[in-house]
Amino acid sequence: MSNPALNEIISIHVGQAGTKIGESCCKLFCVEHGIDKSGFILNNHCTDRTGNIDTFFNVNSDSKYIPRSLFVDLDDGSINEIMNGSLRRLFDPRYLISNKEDASNNFARGYYTVGRKIISNVMDSVQSLAENCENLSGFLIYNSICGGTGSGFGSLLMQKLSKQYRKKTKMCFCVFPSNKLASAVVEPYNSILSTHATLPHSDCNFLVDNEAIYGICRNKLDLEKPSFFELNMVIAHAVSFITTSFRFDGSLNVNLNEFQTNLVPFPTVHFIATAISPLRSSSKSTYSNVGGQQIFQECFDKGNQLLSCDIEKGKLMTACILFKGVVPMRDVNVGIESIRHSKIEYVDWAPITFKVGINHRTMDCLPNDIVGRSLLSAGMVINSTAMGKCWNKLNQKFDKLYSKKAFVHWYVGEGMEEGEFTESRENLANLERDYLEMSIDCNSEEDEY
Ligand SMILES: Nc1nc2c(ncn2[C@@H]2O[C@H](COP(=O)(O)OP(=O)(O)OP(=O)(O)O)[C@@H](O)[C@H]2O)c(=O)[nH]1
Ligand SMILES: [Mg+2]
């Protein structure tokens with residue numbers, strides 16, 4: 001019989017960004033649950049801080065905890081790094097899957113050709129992880145929707161998961177293309193093709209972009225030239241806030257289903273921005289002491305957001321704030337009130353509500369962390385109609401490329417029909433319209449995003 005206390009989650013990390021972010025997250029989760037780099041509970045770890053360790057970890061007969069995580073990449077570069085990295089004794093090598101040939105920034109290679117070669121192997125591994133669960137609640141999928149593997153193979157995987165595990169929640173943590181920084185000219189194609197392919201299969205996508213996180217590293221954390229390693233540490237903290245209530249009991253807890261119910265008012269409108277506060281350099285002080293009200297305000301500050309989406313240019317639909325530390329309810333209420341009276345606009349078809357989660361544990365940090373500790377901290381997740389503008393910008397970039405049919409032959413050459421470009425673009429136009437629809441007040445006929 002299933003144990004209702006258990007709520008296991010399977011994490012799947014796809015492509016370079018997905019796997020490297022996954023490694024950073026696992027490092028932080030180990031610190032939080034008091035596990036050493038080989039998977040054993042630390043001797044000096046207080047047992048009541050271990051939390052619901054089974055959410056993200058399996059335990060074997062030697063009492064070793066192994067992340068319930070699958071790492072997949074089409075080339076072996078990042079997987080080899082993980083196999084030889086500081087967590088090499090933690091992972092089960094059966095769940096580190098790679099091949100020899102990447103998708104070369106091409107969605108079609110990840111989806112139709114190179115990715116097809118390993119999909120059944122990957123799905124067998126997912127099944128073996130799922131069979132080991134007593135009460136699987138769902139999947140967290142990490143990828144970059146700009147890369148060929150992340151977008152193409154990620155989409156193929158989501159479609160297979162949706163077919164095989166239809167009723168299980170599927171949430172994604174995605175690197176979204178940056179406005180100015182791009183590592184490949186075809187990023188708009190990959191992201192739009194993959195968003196079209198996965199829209200009905202994902203319940204909720206938490207988006208981050210590297211430009212926003214570079215800004216955090218430079219302006220808040222005093223790092224002049226941050227690398228992916230540092231960017232991924234910031235992302236790991238955001239993931240930690242979002243998943244804390246799945247992993248530790250709290251005075252106000254938010255589970256996977258509650259998240260979805262509260263954050264997603266309409267199935268396609270499921271793209272969520274995240275912010276963290278406080279963000280102070282770890283070199284400045286041992287602990288910063290910031291109050292609940294200030295945390296609320298900072299979470300709405302552009303400089304604290306991991307996605308370059310101008311919340312002030314849209315209307316807030318829903319938001320959820322997840323505290324770590326002891327926060328008086330009075331401070332929470334004053335914080336909510338101050339946001340109600342700020343420049344932020346709200347949709348008028350739903351009451352202004354902030355779902356609040358509180359976990360009394362203070363935040364944990366890695367030994368070499370760039371994010372400074374704080375007695376009280378929070379992650380905020382926001383669903384805003386401003387996201388419609390992000391899709392609009394990306395659609396325009398797609399249109400420019402496609403007006404010349406530039407680079408299309410690389411996709412067609414991998415067996416993709418050209419019609420998939422137009423079909424995907426039309427679907428993304430519908431998504432823009434969904435955001436527009438959400439932003440129209442009940443009382444007025446015309447409005448903007
Ligand atoms: N935050 C973060 N972004 C990354 C990382 N690695 C790559 N990226 C970004 O992700 C996008 C490219 O995606 P990758 O994950 O490298 O590509 P992939 O999924 O491996 O696909 P292919 O290499 O094309 O087969 C670019 O926008 C990179 O800037 C990382 O470790 N962290
Ligand atoms: Mg790659």
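The values are calculated or read from the model by the stated rules, or taken from the named source; none is laboratory data. It should be emphasised that the depicted structure is a prediction, and the values quoted were computed from it without experimental measurement. We place every Cβ from the backbone using ideal geometry, glycine too, and count neighbours over all the protein chains shown. Quick note on the areas: whole protein, heavy atoms, side chains included, nothing else; ligands and nucleic acids left out. Shrake-Rupley method; radii C 1.70, N 1.55, O 1.52, S 1.80 Å.
For the chain, the Cβ-based charge dipole about the Cα centre amounts to some 780 debye (Lys, Arg positive; Asp, Glu negative; other atoms uncharged).
Heavy atoms of the protein chains alone define the surface here; on that basis the range 8-389 has 37 Å² accessible area per residue at 1.4 Å probe size.
Treating each Cα of the range 360-449 as one equal point scatterer and applying the Debye formula with no solvent, the log10 of I(q)/I(0) at q = 0.15, 0.18, 0.22, 0.23 Å⁻¹ comes out as -0.77, -0.84, -1.06, -1.13.
Expressed as a fraction of 2.2 N^0.38 Å, the C-alpha radius of gyration for the range 76-133 is 1.28. Working note: Cα gyration tensor of the chain, eigenvalues times five, square-rooted, sorted largest first, giving semi-axes of 31, 29, 20 Å. Computing FRET efficiency as 1/(1 + (r/R0)^6) for Val185 and Asp62, where r is the C-beta to C-beta distance and R0 is 56 Å, gives about 0.70.
Helical content alone sets the calculated 222 nm signal of the chain at -11500 deg cm²/dmol, taking -39,500 (n - 2.57) per DSSP H segment of four or more residues and averaging over every residue. Bridges between two residues of the chain, per DSSP, are antiparallel at a rate of about 35%. Figure note: Trp410, Trp349, Trp391 ranked by solvent-accessible area, largest first, 1.4 Å probe, ligands and nucleic acids not counted: Trp410, Trp349, Trp391.
In the structure displayed, which of Lys167/Lys343; Lys225/Lys355; Lys100/Lys324; Lys168/Lys315 lie more than 32 Å apart, Cα to Cα? As for pairs spanning more than 32 Å Cα to Cα, those are Lys167/Lys343; Lys225/Lys355; Lys100/Lys324. Our estimate of slack between Phe229 and Glu423, defined as 0.36 nm per intervening residue step minus the Cα-Cα distance, is 66.2 nm. Phi-derived couplings, Karplus 6.51 cos²θ - 1.76 cosθ + 1.60 at θ = phi - 60°, listed residue by residue for the range 229-239: 4, 6, 4, 5, 5, 5, 4, 4, 5, 4, 5 Hz, with x used for Gly and Pro. For the pair Ser403 and Val326, a Förster radius of 56 Å applied to the C-beta separation gives a FRET efficiency near 0.50, rounded to the nearest 0.05. Taking a straight Cα-Cα cut-off under 16 Å and skipping sequence neighbours fewer than 8 places away in the same chain, the lysines within cross-link reach of Lys220 are Lys284, Lys302. Each principal axis of the Cα cloud of the range 238-362 was taken in turn, and the coordinate range along them, longest first, works out to 43, 31, 28 Å. Computed FRET efficiency, Cβ-Cβ of Ser283 and Arg166, R0 45 Å: what is it to the nearest 0.05? Computed FRET efficiency for Ser283 and Arg166 comes out at 0.40. Taking all protein chains as shown and a probe of 1.4 angstrom, Glu211 keeps an accessible surface of around 50 Å². Once the cut-off is 14 Å, how many percent of the Cα-Cα pairs in the range 390-439 end up in the long-distance tail? Percent of Cα pairs beyond 14 Å in the range 390-439: 57. Gyration tensor analysis over the Cα atoms of the range 195-308 returns equivalent ellipsoid semi-axes of 26, 19, 12 Å (largest first, whole Å).
Using 0.36 nm per residue and subtracting the Cα-Cα separation, the extra length available between His341 and His360 on full extension is 4.0 nm. Multiplying the residue separation of Asp222 and Glu101 by 0.36 nm and subtracting their alpha-carbon distance yields 39.8 nm.
Judged by the mean number of other Cβ atoms found within 10 Å, the most tightly packed of the peptides 318-327, 262-271 leads the ranking 318-327, 262-271. Distance between the pseudo-spin-label points of Thr353 and Glu131 (7 Å out from Cα toward the beta carbon): 4.1 nm. Positive-end ranking of Ala386, Ser240, Leu157 along the dipole of the chain, with charges on Cβ about the Cα centre, is headed by Ser240.
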